[in-house]
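Student: Pasting a structure below so you can have a look.
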Amino acid sequence: MSCAIEAEGLVKIFRSRWSGKEVRAVDGISLRVERGSTFGLLGPNGAGKTTFVKLLLSAAHPTAGRATVFGRDSREPEARRPIGYLPENHRFPTYMTGHSMLDFYGALSGMDSASRRRRIPELLATVGLADWGNTRLGKYSKGMLQRVGLAQALMHAPALLVLDEPSDGVDPIGRRQIRDILQALEQQGATIFLNSHLLAEVELFCRDVAIIHRGKVALEGKVKDLTAGSGYRIEADNVPERLEQELRAKAMAVAQRNGNVEFLFGSREQANEALDLLRAERCEIEAVACTTSTLEDVFVKAIHEQ
Amino acid sequence: MNSRTMRVTWALVRDTFREALARKIFWGFIGCSTLLILFFLFIMRVDVAEGAMATISLFGNTSRGEDVNRLVHQVHGAIAAFLYTAGMFLAVFASAGLIPSVFEPGRIELLLSKPVPRHHILLGRYLGNLAVIAANIFYLVIAIWLIFGIKTGVWTYGFLLSSVLTLYVFAVLLTVVILVAVFTESTVVATMVTFGIMLISPILAQQGVLDRLLSSQWSRSMVHGLYYALPKVFDLGAISRRLVLGDPMGSWMPLWSSAIFGLVVLATSLYAFERRNY
């Protein structure tokens, strides 16, 4: 069965009309997003995330390579039928009301008027804007625009949601609400592709992640694998100097904390061995913990290593 | 055209209407038309005597008797001329922003993410813009035509045809707006270039005078080339006048050559839009 998204050697070079200077915004990206997965695309500003999304949606044309959406070439208009998209820095026409905006984009997505009439109140209620349907978008706050934008992306019950910074400008409650909506969609089998610089948000919601930097994939994998098994932390009191020196040689890191010594070991064996030595010297063990790195650690490391 | 295509086209046309209605200039246009209609409906009294002679009363002043046919043609001619000149400028000014607004960052990406071919988006918008101006023109022209027809019993179909011709010229000029908008995404530049074409037309139409004034063959050829290449707004205005007054038509060349210009410019716009990155 085909993937939700598959990119093969995707390249996008922008050339300046006047100077002829080239910018390789996307430089040979190949990645797969499985059906039903929650995928996060991360990267620093200017890494090529938004350009990659634009290539997927055919808003920009690739210089080389190709992308498919559910097996269809992304350049075909029909490839975009199963996609619901919320752009970053969207500018919804302010003369529209929430209701008319959903109706317009629903019609463009191919929905008939009866389905639109049924779906609009449902979605406005889902995003907490049931009482705002007949108000012009010009009067909406940033968070409300983001939520009505999400409703727009959900209008035709898409199989693939592409969201560019969906929590941008949304307060914590709204953010939680968006996450709940996305989790419900995930359970219904929708594929969710999240383009975000909010690492905590991606870590909380996405199962798979790709980090791109300077137009290339710097790291790709499951969030669980990338952040797991970083090490073991042992905090002990009354550690003799001789033992501290011995363990320091084996530990990844050592720190003094509240008068105690904290060791960080890379493997379980090393941690167990250290515990045996510490107990043999009758040291007080204050804490033993398995530490994981955050996605932020993984992100910073991936960017620096590239 | 299948139902899905129709639905998308209708949505694009309706959206253009909605945007036009949100702009004050559209209501200004409608307001001016309504004032003119009310003027002819209530202020101007036309009394027809024996089916041939008519007197006009304005604010209590009565003019001498006129041939009713001539009177109706004169008024229709004046309105058609107003629509063709001032109305055309207003129409371009009022609607020029409706095309470039589609290319605004944050709006165009969302439109392009829908399963609609790019040419369909642009043509839908073009059609919507034409529909907005058609509604304005026909509102004024049909109302005036009915008022005069009912008051005088004279029904001049040339007046109706002239409004169709006005819309036709606008349709040609709108292709220029689209082309410039696709390349520059600027309402101001699109309006300026279109006004430029409108203003240069009466100059290029004076070919005899220009031939005498220009010394080199090269410059004369360039003027001739420009005349044939660009839409003949001035000549089409003359055709519009002849239609209203019921005069015999001269050459139809301005009509078909302007159509060719419009088609070429529209095709170029669609091609450029297909290839652009957003």
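The values are calculated or read from the model by the stated rules, or taken from the named source; none is laboratory data. If you're wondering where the values come from, they're calculated on a predicted model, not measured in any experiment. Reconstructed Cβ throughout: ideal geometry from the backbone, glycine too, with neighbour counts over all protein chains shown. SASA here: full protein model, heavy atoms, side chains in, ligands and nucleic acids out. Shrake-Rupley method; radii C 1.70, N 1.55, O 1.52, S 1.80 Å.
Student: Could you please let me know if A:Ser113 is open to solvent by less than 40 Å² (accessible area, probe 1.4 Å) and of a type in the set (Gly, Ala, Ser)?
Tutor: no
Student: When you scan segment B:115-127, do you find a residue that is in contact with a Leu (Cβ under 7 Å, 6 or more places away or on another chain), aliphatic (A, V, I, L, M), assigned to a helix (DSSP H, G or I) and within 14 Å of another protein chain (Cβ to nearest Cβ), even just one?
Tutor: Checking segment B:115-127: at least one residue is in contact with a Leu (Cβ under 7 Å, 6 or more places away or on another chain), aliphatic (A, V, I, L, M), assigned to a helix (DSSP H, G or I) and within 14 Å of another protein chain (Cβ to nearest Cβ).
Student: Another question, then. In segment B:193-210, how many residues are over 14 Å from B:Asp235 (Cα atoms), free of Cβ contacts under 8 Å to residues at least 60 places away in the same chain and open to solvent by less than 50 Å² (accessible area, probe 1.4 Å)?
Tutor: The number of residues fulfilling the criteria is 3.
Student: Checking the conditions here, which among B:Leu98, B:Leu110 is under 21 Å from B:Arg23 (Cα atoms), open to solvent by less than 10 Å² (accessible area, probe 1.4 Å) and within 14 Å of chain A (Cβ to nearest Cβ)?
Tutor: Residue meeting the stated conditions: B:Leu98.
Student: Follow-up. Among the residues of segment A:152-175, how many are open to solvent by less than 40 Å² (accessible area, probe 1.4 Å) and not hydrophobic (A, V, I, L, M, F, W, C)?
Tutor: 8
Student: If only one of A:Ala107, A:Ala59 is within 14 Å of another protein chain (Cβ to nearest Cβ), assigned to a loop (DSSP other than H, G, I, E, B), among the hydrophobic types (A, V, I, L, M, F, W, C) and more than 20 Å from the chain's Cα centre (by Cα), which one is it?
Tutor: One residue alone meets the criteria, A:Ala59.
Condition check ((1) surrounded by fewer than 17 Cβ atoms within 10 Å (Cβ to Cβ); (2) modelled with pLDDT under 85) across all residues:
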| residue | (1), (2) |
| --- | --- |
| B:Met6 | yes, no |
| B:Arg14 | no, no |
| B:Phe29 | no, yes |
| B:Thr34 | yes, no |
| B:Asp47 | yes, yes |
| B:Glu50 | yes, yes |
| B:Leu58 | yes, yes |
| B:Gly65 | yes, yes |
| B:Thr85 | yes, no |
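Student: From the list A:Asn195, A:Asn134, which residue is open to solvent by 60 Å² or more (accessible area, probe 1.4 Å) and touching a strand residue (DSSP E or B) at 6+ places or on another chain (Cβ under 7 Å)?
Tutor: None of the other options fit; the residue is A:Asn134.
Every residue, every condition in (1) surrounded by 17 or more Cβ atoms within 10 Å (Cβ to Cβ); (2) farther than 24 Å from A:Phe39 by Cα; (3) touching a residue at least 60 places away in the same chain (Cβ under 8 Å); (4) not polar (S, T, N, Q), yes or no:
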| site | (1), (2), (3), (4) |
| --- | --- |
| A:Ala59 | yes, no, no, yes |
| A:Pro82 | yes, no, yes, yes |
| A:Glu88 | yes, no, yes, yes |
| A:Tyr95 | yes, yes, no, yes |
| A:Ala107 | yes, yes, no, yes |
| A:Arg117 | no, yes, no, yes |
| A:Leu124 | yes, yes, no, yes |
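Student: Would you be able to tell me the number of residues in segment B:211-226 that are open to solvent by 50 Å² or more (accessible area, probe 1.4 Å) and of a type in the set (Gly, Ala, Ser)?
Tutor: Matching residues across segment B:211-226 total 2.
Student: Need pairs with beta-carbon distance below 7 Å; first residue under 9 Å from B:Leu243 (Cβ atoms) and touching a residue at least 60 places away in the same chain (Cβ under 8 Å) and within segment B:151-171, second small (Gly, Ala, Ser) and open to solvent by less than 30 Å² (accessible area, probe 1.4 Å); sequence gap 6+ or separate chains.
Tutor: Taking only residues 6 or more apart or on different chains, the pairs are B:Phe159/B:Ala80; B:Ser162/B:Ala80; B:Ser162/B:Ser240; B:Leu165/B:Ser240.
Student: In addition: (1) open to solvent by less than 10 Å² (accessible area, probe 1.4 Å); (2) within 14 Å of chain B (Cβ to nearest Cβ); (3) under 29 Å from the mean Cα position of the chain (by Cα): which one isn't true of A:Leu129, the others all being true?
Tutor: Unmet for A:Leu129, out of (1) open to solvent by less than 10 Å² (accessible area, probe 1.4 Å); (2) within 14 Å of chain B (Cβ to nearest Cβ); (3) under 29 Å from the mean Cα position of the chain (by Cα): (2).
Student: Let me ask another. Got a number for residues in segment A:110-134 being in a helix (DSSP H, G or I), of a type in the set (S, T, N, Q) and over 23 Å from B:Pro117 (Cα atoms)?
Tutor: 1
Student: I've got another one for you. Being closer than 18 Å to B:Asn277 by Cβ and assigned to a helix (DSSP H, G or I) is the filter here, so list the residues in segment B:180-197 that pass it.
Tutor: Those that are closer than 18 Å to B:Asn277 by Cβ and assigned to a helix (DSSP H, G or I): B:Ala181, B:Val182, B:Phe183, B:Thr184.
Student: Moving on to the next point. Among the listed residues B:Ala272, B:Ala267, which satisfies the condition of being of a type outside the set (Phe, Trp, Tyr) and within 14 Å of chain A (Cβ to nearest Cβ)?
Tutor: B:Ala272
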